[in-house]
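Since every read-out is calculated from the coordinates, none of them should be taken as a lab result. The structure displayed is predicted, hence computed values, not measured ones. All Cβ positions, glycine included, derive from the backbone under ideal geometry; neighbour counts span all protein chains shown.
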């Protein structure tokens, strides 16, 4: 993966996201129940969906890494999970804001989706200390992949268990008794979802390019000062870097 | 007996014999659990418990006591070279996973055989819930054992083993805890055991066990490679 196409991708992301938000604020009708505060739905829900898909994709990349032994899949898995954790913070913050606006509390325990998401988020937050605690690079990559697969399998189970345990009062925006989302809302939501997905892909790509570059730099530095000490920093390496292939 | 099965029997017998001789895990788990009951008695300021409170106290205590055992389950293999031995032996490496999970399952069963009666003596006015509770305990033990083995084998090779096991394990067992506490809340009902939803929750426990058995079976090989 290289930096090519990054410019196009970023432009497309900005355009789609702008279009989505323009539709949300200028065109889509106000929600009958919740009014203006329902608009956060177009930010919160796409972020959550993209983050969860990213977590599961990280698991798939972990699986591919174990199958093939190719380090690039491990790096992909790491970056997917990393960007999804960042999105996860945004999901929790927007979720809390929405809960405060709708129900008057920052945190609502009987709301299964928010609680499940918090559990998933906490689990994936342990990915960093776990990865960091293993020194051997190959073992680190393998164990991180095992973590990604285990956690990926955990995501749907967790959502099921939490949902079963709670009374379902989460705003059912898609399936209300009146028959679901009006067409205009659905369209705006789809555009926002696509835009958020593109944003995720762009950030992943930037991160991967950054890793590749820093990998090349440290390799060049090693070649320059080839005094047998290895050059680049040894400690503090949470993140995997891409060796040039 | 196939080679795998005899290797499994040998490994499991070795673990149980080591535990019998050294008593490294079980006594600590039991003491920890009893002390935790006392802390709950004063923390909650109750002398009897029923419903979801009883379930919560029992399962929280078992979970934390279990983590003590899970923390230690691979330590001796690391220190005494058991990992290298299993890598050299011409048997399927999943045998180690199966034997460790079985050992943990047995530790938990022994722990519960002692701790659950103590819990009943301390807090329960009515003991009729204990028989259906064994079903839940068996299901939960399987889940804890499988996941504990997986997490412990991941964490044992890291620098922060004691920190990582609870950190990784707690979020992963949340669904299991939801299922068992919800099921036992009915069992511990003040008006006698109430079986509403018990079967469904038992199914959830079974599904959870099944998923992580499969995951553990699929990935454990990679944790032993070197």
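Let me know the shape class of the protein assembly as shown, please: from the alpha-carbon gyration tensor, a ≥ b ≥ c as square roots of the eigenvalues, rounded when a/c is under 1.5, otherwise prolate if a/b is greater than b/c, or oblate. Because a/c hits 1.5 or more and a/b fails to exceed b/c, the protein assembly as shown counts as oblate.
Based on Cα contacts under 8 Å between residues 6+ apart, the range B:3-224 shows a relative contact order of 30 percent.
Between residue A:67 and residue B:191, the FRET efficiency from the beta-carbon distance, with R0 = 41 Å, is close to 0.15. Taking other Cβ atoms within 10 Å as a rough exposure proxy, B:207, A:52 sort from fewest to most as B:207, A:52. For the range B:4-133, averaging the sequence separation of C-alpha pairs within contact (under 8 Å, six or more residues apart) and dividing by the residue count gives a relative contact order of 44 percent.
Can you tell me the 0 to 90 degree angle between the C-alpha axis of helix B:130-155 and the longest principal axis of chain B, rounded to 10? Here the helix axis deviates by roughly 40 degrees. Put the Cα centre of the range B:63-112 next to the Cα centre of the range B:154-175 and the gap is 15 Å.
What's the Cα-based Rg to Rh of the range A:6-211, Rh via Kirkwood? Could the numbers behind the result be given before it?
Numbers: Rg = 18.3 Å, Rh = 18.2 Å.
When Rh is taken as the Kirkwood radius, the ratio is 1.01.
Between the Cα long axis of helix B:51-72 and the first principal axis of chain B there is an angle of about 20°, rounded to the nearest 10. Ranked for footprinting exposure by Cβ neighbours inside 10 Å, fewest first, B:225, B:196 give B:196, B:225. A simple spin-label model places pseudo-atoms 7 Å from Cα toward Cβ; at residue A:60 and residue A:110 they are separated by 3.7 nm. Each label was represented as a point 7 Å from its Cα along the Cα-to-Cβ direction; for residue B:64 and residue B:4 these points are 3.9 nm apart.
Only helical runs count toward this figure. For chain B, summing -39,500 (n - 2.57) over DSSP H runs of n ≥ 4 and dividing by all residues gives -28000 deg cm²/dmol at 222 nm.
May I ask you to compute the full-extension gain from residue A:90 to residue A:137, defined as 0.36 nm times their residue separation minus their alpha-carbon distance, rounded to one decimal in nm?
Details: separation 47, 0.36 × 47 = 16.92 nm, distance 3.08 nm.
The span from residue A:90 to residue A:137 would gain 13.8 nm if fully extended.
Helix B:94-123 axis versus longest C-alpha principal axis of chain B: approximately 20°, rounded to the nearest ten.
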